[in-house]
Amino acid sequence: MRKVISNRRRFLGQLGAGASLLTLGGCNAFDSLLSTGEPVFNFLRKANVLTREAQRALQGPAAMAREYPESAIRESQRPNGSTDPQTDEYLAVKQNNFASYRLQVTGLVDKPLSLSLDELRAMPSRTQITRHDCVEGWSCIAKWTGVQLSRVLDQAAIKPEARYVVFRCYDPIQDTPFEPADLYYESIDLISARHPQTILAYGLNGQTLPVANGAPLRVRIEQQLGYKMAKYIRAIELVDSFDKIGGGNGGYWEDRGYDWYAGS
Ligand SMILES: Nc1nc2c(c(=O)[nH]1)N[C@H]1C(S)=C(S)[C@@H](COP(=O)(O)O)O[C@H]1N2
Ligand SMILES: [Mo]
């Protein structure tokens with residue numbers, strides 16, 4: 001199963017090495033591909049989807065994602081998607097370093113929670129240096145600190161019928177042509193949710209998580225692609241189906257054609 005991943009990485013590496021104009025620096029590895037030609041990008045994406053399917057079949061969602069040494073962090077995490085939400089609700093909680101922020105944990109739970117950042121920070125933390133892969137064709141290695149989602153789920157005492165965790169975010173993506181302009185949301189199953197590397201992150205590279213990267217709280221789901229890792233999390237909802245949420249496909253980008261299980 002390691003082989004599948006390393007093959008993909010080798011493939012990406014060769015692609016980079018072959019294109020002499022590329023600067024293979026951390027987060028920006030495939031920028032020039034994106035700007036020079038759609039066909040290359042589409043080719044890359046198809047290859048990505050193929051290996052993703054193979055990985056899902058062979059590796060499964062329970063394996064640990066690779067963790068890196070500090071020396072692998074070469075630049076700051078490249079902000080992508082929403083980077084500065086402007087909704088009234090977000091601007092209100094953003095004041096005073098998110099002092100009024102509360103993470104709501106609702107739905108199929110016996111003990112609904114409303115957790116402040118201090119309460120989240122007081123729980124046992126996990127720090128991991130991992131590689132973020134975006135479907136747009138760039139990767140970035142960064143150090144993330146947060147609380148394991150499983151600990152929050154345990155505190156909320158989720159009901160046996162709960163099957164998925166839905167992340168509700170503060171931000172709409174305004175610059176897409178889709179209607180209605182839904183707020184960003186994502187969902188994962190309980191296997192991904194209880195994975196030891198699935199954390200609700202409030203720290204990035206030793207600092208407080210910046211607004212551009214999802215402050216005050218974003219999820220890290222290290223076996224999956226960037227778009228699964230919801231930023232600006234307002235609430236976590238336990239559900240038995242996501243049929244009636246958004247477009248019914250389990251996430252903002254899934255409603256626009258992306259895979260729900262996005263193995264990286
Ligand atoms: N709420 C929210 N979460 C989001 C997005 C977004 O636009 N809004 N973009 C996704 C995508 S496509 C990626 S690659 C990562 C980017 O995370 P970063 O800005 O920390 O690099 O966030 C994901 N989570
Ligand atoms: Mo992404």
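The values are calculated or read from the model by the stated rules, or taken from the named source; none is laboratory data. Note that the coordinates shown come from a computational prediction; the quantities given were computed from them, not determined experimentally. All Cβ positions, glycine included, derive from the backbone under ideal geometry; neighbour counts span all protein chains shown. When the accessible area is computed, the model is the full protein with side chains, heavy atoms only, and any ligands, DNA or RNA have been set aside. Shrake-Rupley method; radii C 1.70, N 1.55, O 1.52, S 1.80 Å.
When the stretch 74-111 is filtered for residues that are of a type in the set (Ser, Thr, Tyr) and farther than 30 Å from residue 161 by Cβ, the ones remaining, listed by number, are 76, 82, 83, 87, 90, 100. Within the stretch 149-173, being away from ligand 1 (no atom under 16 Å from the Cβ) and of a type in the set (D, E, K, R) holds for 151, 154, 159, 161, 163. If the condition is being open to solvent by less than 30 Å² (accessible area, probe 1.4 Å), assigned to a loop (DSSP other than H, G, I, E, B) and among the hydroxyl-bearing types (Ser, Thr, Tyr), then the stretch 88-136 contributes 101, 116. Residues that are polar (S, T, N, Q) and under 24 Å from residue 90 (Cβ atoms) within the stretch 103-144 comprise 104, 106, 114, 116, listed in sequence order.
State whether one or more residues within the stretch 231-244 are within 16 Å of ligand 2 (Cβ to nearest atom) and buried (at least 24 other Cβ atoms within 10 Å of the Cβ). Show your work before the answer.
Residues of the stretch 231-244 within 16 Å of ligand 2 (Cβ to nearest atom): 231-232.
From what is left, the residues that are buried (at least 24 other Cβ atoms within 10 Å of the Cβ) are 231-232.
Yes: one or more hits.
The residue that is most open to solvent (accessible area, probe 1.4 Å), among those in the stretch 67-86 that are in contact with a strand residue (DSSP E or B) (Cβ under 6 Å, 6 or more places away or on another chain) and more than 16 Å from ligand 2 (Cβ to nearest atom), is 67. The C-beta contact set for the stretch 73-87 (first residue in a loop (DSSP other than H, G, I, E, B), second residue of a type in the set (D, E, K, R) and within 16 Å of ligand 2 (Cβ to nearest atom), distance under 8 angstrom, 6+ apart or interchain) comprises 80/136; 81/231; 82/171; 82/231; 85/171; 87/171.
Does the stretch 155-172 include one or more residues that are among the aliphatic types (A, V, I, L, M), without any contact (Cβ under 8 Å) to a residue 12 or more places away in the chain and not in a loop (DSSP other than H, G, I, E, B)? So far as the stretch 155-172 goes, no, none of its residues is among the aliphatic types (A, V, I, L, M), without any contact (Cβ under 8 Å) to a residue 12 or more places away in the chain and not in a loop (DSSP other than H, G, I, E, B). Within the stretch 216-262, the set of residues being small (Gly, Ala, Ser), more than 12 Å from ligand 1 (Cβ to nearest atom), within 17 Å of residue 135 (Cβ to Cβ) and at pLDDT below 95 comprises 257 only.
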